[in-house]
1. Please list log₁₀ I(q)/I(0) at q = 0.14, 0.15, 0.22, 0.24 Å⁻¹ for the stretch 39-78, using the Debye equation with identical point scatterers on the alpha-carbon positions.
2. So what's the back-of-envelope 222 nm ellipticity for the chain, counting only DSSP H runs of four-plus at -39500 (n - 2.57) apiece and dividing by all residues, rounded to 500?
3. Using all Cα-Cα distances in the stretch 131-171, what percent lands in each 10 angstrom bin from 0 up to the longest?
4. Going by average Cβ density within 10 Å per residue, which order do the peptides 172-180, 196-204, 12-20 take, highest to lowest?
5. Which log10 I(q)/I(0) values does the stretch 127-206 give at q = 0.16, 0.23 Å⁻¹ under the Debye formula, counting every alpha carbon as one identical point scatterer?
6. Based on the Cα coordinates of the stretch 81-189, what is the per residue volume of their convex hull in Å³?
7. Taking the radius of gyration and the Kirkwood hydrodynamic radius from Cα positions alone, what is the Rg/Rh ratio for the chain, to two decimal places?
8. Equivalent ellipsoid semi-axes for the stretch 31-141, as square roots of 5 times the alpha carbon gyration tensor eigenvalues: give them largest first, rounded to whole Å.
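What follows draws every value from the coordinates through simple rules; no lab data is involved. Model, not experiment: these values are computed from the prediction. Glycine also receives a Cβ, built like all others from the backbone with ideal geometry; neighbour counts cover every protein chain displayed.
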């Protein structure tokens, strides 16, 4: 057994932000979203309207999501710029349907909103730390997984909760094993403001 002392230091961390915004969601809004016209996505159903937060009837939800983005930008990312929602859409996973691994292009922070009751058993979101092909796949012992070596992390959604995460994170939605549909809303965001430096000729005003 090694006699020398050692320590492990966490250099970086990947945040997943969770906030309850159920106070901003009314039964009428739940029905409105559920009745949106849906079309076939790759495996699940997606709303034909891909800017649903622009609907006047969803104003309070958009406001609450913006408050969550403001906290994320200021307290988690620590940036002076403002995050704002770009596209937003409704999703339905019918029984025996999940969502393949994917990330979100042309977005900085993405989110999922669980605006209504979810069927049981829950279909979780699974985040994958790797976003590209792994030439060497060295798997840790399942009994010895920790924040430094785990390839996956599971997030169990809650009703009324919005979840924010880096758009570059690959994520999967488990297959809906219930007999009823699984409803959710997803959205992307981008920054508004100035980035870069004027004197370094890297300034960009968004």
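1. These q points yield log10 I(q)/I(0) values of -0.49, -0.55, -0.76, -0.78.
2. Values: 2 runs with 21 residues, N = 206.
The helix contribution divided over the chain gives -3000 deg cm²/dmol.
3. That works out to 19, 43, 30, 8, in percent per bin.
4. Top of the packing list down: 172-180, 12-20, 196-204.
5. -0.91, -1.19
6. Taking only Cα atoms, the stretch 81-189 has a hull volume of 133 Å³ per residue.
7. Expressed as Rg/Rh, it is 1.02.
8. Listed largest to smallest, the semi-axes of the stretch 31-141 are 26, 23, 14 Å.
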